[in-house]
Every structure is written in structure tokens, then in C-alpha cells.
1. For the stretch 84-114, name all the residues that are surrounded by fewer than 21 Cβ atoms within 10 Å (Cβ to Cβ), more than 12 Å from the chain's Cα centre (by Cα) and part of a strand (DSSP E or B).
2. Given 238, 204, 155, which one is in contact with a strand residue (DSSP E or B) (Cβ under 8 Å, 6 or more places away or on another chain), at pLDDT 95 or above and assigned to a strand (DSSP E or B)?
3. Only residues that are closer than 19 Å to residue 227 by Cα, without any contact (Cβ under 8 Å) to a residue 40 or more places away in the chain and buried (at least 19 other Cβ atoms within 10 Å of the Cβ): list them for the stretch 130-145, please.
4. Could you list, in sequence order, the residues of the stretch 237-262 that are within 15 Å of residue 214 (Cβ to Cβ) and either touching a residue at least 40 places away in the same chain (Cβ under 8 Å) or touching a helix residue (DSSP H, G or I) at 6+ places or on another chain (Cβ under 9 Å) (or both)?
5. Of the residues 152, 117, which single one is surrounded by 19 or more Cβ atoms within 10 Å (Cβ to Cβ) and either over 16 Å from residue 211 (Cβ atoms) or more than 11 Å from the chain's Cα centre (by Cα) (or both)?
6. How about the stretch 19-81: which strands (runs of 3 or more DSSP E) wholly inside it have at least 1 residues that are within 22 Å of residue 108 (Cα to Cα) and out of contact with any strand residue (DSSP E or B) (no Cβ under 8 Å at 6 or more places or on another chain)?
7. Being touching a strand residue (DSSP E or B) at 6+ places or on another chain (Cβ under 6 Å), surrounded by 18 or more Cβ atoms within 10 Å (Cβ to Cβ) and in a strand (DSSP E or B) is the requirement here; does residue 223 meet it?
8. Would you check which residues across the stretch 41-62 are surrounded by fewer than 17 Cβ atoms within 10 Å (Cβ to Cβ) and within 20 Å of the chain's Cα centre (by Cα) and list them?
């Protein structure tokens with residue numbers, strides 16, 4: 001009898017552990033919904049309410065999807081993650097803080113798709129890349145932040161890709177941008193901007209090598225109505241190499257600006273018109289660009305096609 005009692009006791013202690021294990025496990029795919037609850041397991045049938053609630057239940061290199069439109073809140077990402085929403089508006093609405101913070105390991109990535117990120121005129125940055133390996137932003141709208149729509153300040157060697165995204169009304173006075181790449185001292189950020197619209201920002205797209213180095217390729221994009229410059233390269237401790245192809249810079253303070261130092265800017269098949277100053281500083285042109293209709297067109301340095 002005693003042996004039977006001990007076996008029954010052991011089974012009684014072990015079964016609850018088995019029952020609790022699946023509840024504590026992280027899923028590779030989780031779901032959020034406008035009518036979800038963060039107390040849920042974030043499954044498709046029992047979704048969470050916020051990205052912050054879902055991320056703790058999502059395994060590294062996993063994916064968070066949206067079941068329906070909703071406001072899913074700010075989130076800090078510290079591991080490889082995909083947040084992809086194509087089922088209506090996936091809103092991130094913040095005031096006085098950052099929308100999405102990426103603070104991962106050197107080999108981690110963050111893939112963002114289909115987000116509407118609103119700063120209400122007081123938010124700091126829409127997306128801020130502090131640490132990690134690679135950032136991809138696709139089909140997003142980011143607007144009304146006092147800092148930048150997308151701010152990349154990570155150290156080390158990092159990559160980024162921004163495509164089919166709109167940056168609207170970001171920056172404050174003389175600072176901030178639609179996209180600002182300014183790696184920390186000794187760092188290097190390499191990436192592309194493709195089919196992007198930067199409208200009514202302080203700077204449209206800024207490559208700032210004050211601390212580290214930037215290699216930026218801009219293609220098939222628009223920088224317009226910028227308070228200061230549509231595209232700017234700033235030299236410093238690092239080198240800013242900027243290539244601008246098939247891109248429009250219109251109705252800005254300056255269309256394309258090289259702020260000097262170790263910045264190199266090259267343009268090809270670009271349309272630069274309607275700006276107070278078309279080009280400023282040393283800007284090399286492949287002679288395939290149209291620079292006209294500015295208050296002052298500025299002067300480019302011809303460079304041969306290779």
C-alpha cells in the first residue's frame with residue numbers, strides 16, 4: 001500500500017509540470033488583435049493585444065502577425081524578430097517616447113512590415129536602431145516625431161534596408177530627419193533606401209559620419225518639402241559615401257547637400273528642381289541628372305560613367 005501511495009504522489013506532482021510546460025513555451029509565430037488580451041497565449045484563436053505582450057511569448061527568430069486592424073503599442077525588441085502586418089492598419093501610437101526600439105545582439109535582425117507609426121508631434125523616434133545586426137523596414141508610414149522617423153545609431157558593423165515606406169513631418173527645428181543614419185564611434189552602417197518618400201521632414205535623408213562611417217545607396221525615391229535639405233551627407237570621424245540614383249529632390253531648402261569633411265555624394269538620373277538651392281557643396285554628377293528651376297541651381301562636379 002505504501003508503494004502505491006508513493007507512486008500516486010509522484011504522478012500527482014509530475015502531471016502538473018507536464019500541463020504547465022506548453023503554456024510557458026515560446027511560439028515561433030504569435031498573433032495580435034485589436035480585441036486581443038495580453039493574458040492570452042498569443043495564438044491565432046487567443047491573440048494578444050499588444051506587440052509588447054506578444055514578444056515575450058515569441059521565440060527568437062519568430063514572427064508576430066496581426067489578425068485585424070488595431071493599435072498595438074510601442075515595443076522594445078532584443079532578439080531576432082519579424083513583425084509583419086498586412087490585415088489592415090497596424091498602429092503604433094506614442095507620445096514623448098520611441099515607437100519601436102531595436103536593441104539586439106550583433107547577429108540579430110529586425111524585420112518590420114505594414115506598420116503605421118505615429119508620434120503625435122511629441123514622440124522621439126519612430127524606429128530607433130540602437131544595437132543589432134540588420135534592420136529591414138517595408139510598407140510602413142512613420143510620421144510626426146521630434147527626432148527622426150528612422151534613427152540608426154548602432155555601433156559595430158550593421159546593415160539596413162528601407163523600402164516602400166513614407167516618412168512624414170519628422171524632426172524639430174534644425175535637427176532630425178525622415179531617415180538618419182549616424183553610427184556610433186567606430187561603427188559602420190551600410191544599406192539601401194528604395195521607393196521611399198520623405199516629405200516635410202527637417203532633413204529628408206541624412207548620412208552622418210560624425211562618429212562612424214555610412215555607405216548609403218538611395219534609389220527611385222523622393223525627398224520633398226524638407227526644411228533644410230532633401231539629402232545630406234556629413235563627414236567627420238568616419239566617411240559618408242552616398243549614391244543617389246533615379247531620385248527626386250524638390251521644394252526643399254537644399255535639394256542635395258554635401259556638408260563637407262569626409263562626405264562623398266554622387267548623383268545620377270536625379271531630378272532636382274524647385275529648391276531654394278539645387279546642390280550645395282561638392283556633389284559629383286554622372287551628367288544624367290536634371291538640375292533646373294531652383295532659385296540657385298548650384299554646381300556639380302562631372303564624373304564619368306564606368
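1. Within the stretch 84-114, 84, 91, 93, 103 qualify.
2. 204
3. Residue satisfying the conditions is 143 alone.
4. Across the stretch 237-262, the qualifying residues are 237, 238, 261, 262.
5. The match here is 117.
6. No strands (runs of 3 or more DSSP E) qualify here.
7. Values: touching a strand residue (DSSP E or B) at 6+ places or on another chain (Cβ under 6 Å): yes; surrounded by 18 or more Cβ atoms within 10 Å (Cβ to Cβ): yes; in a strand (DSSP E or B): yes.
So residue 223 passes the test.
8. 52, 60, 61, listed by residue number.
The values are calculated or read from the model by the stated rules, or taken from the named source; none is laboratory data. Keep in mind the model is a prediction, meaning the values are calculated, not measured. Don't worry about glycine lacking a Cβ; one is built from the backbone with ideal geometry, like all the others, and counts go over all protein chains shown.
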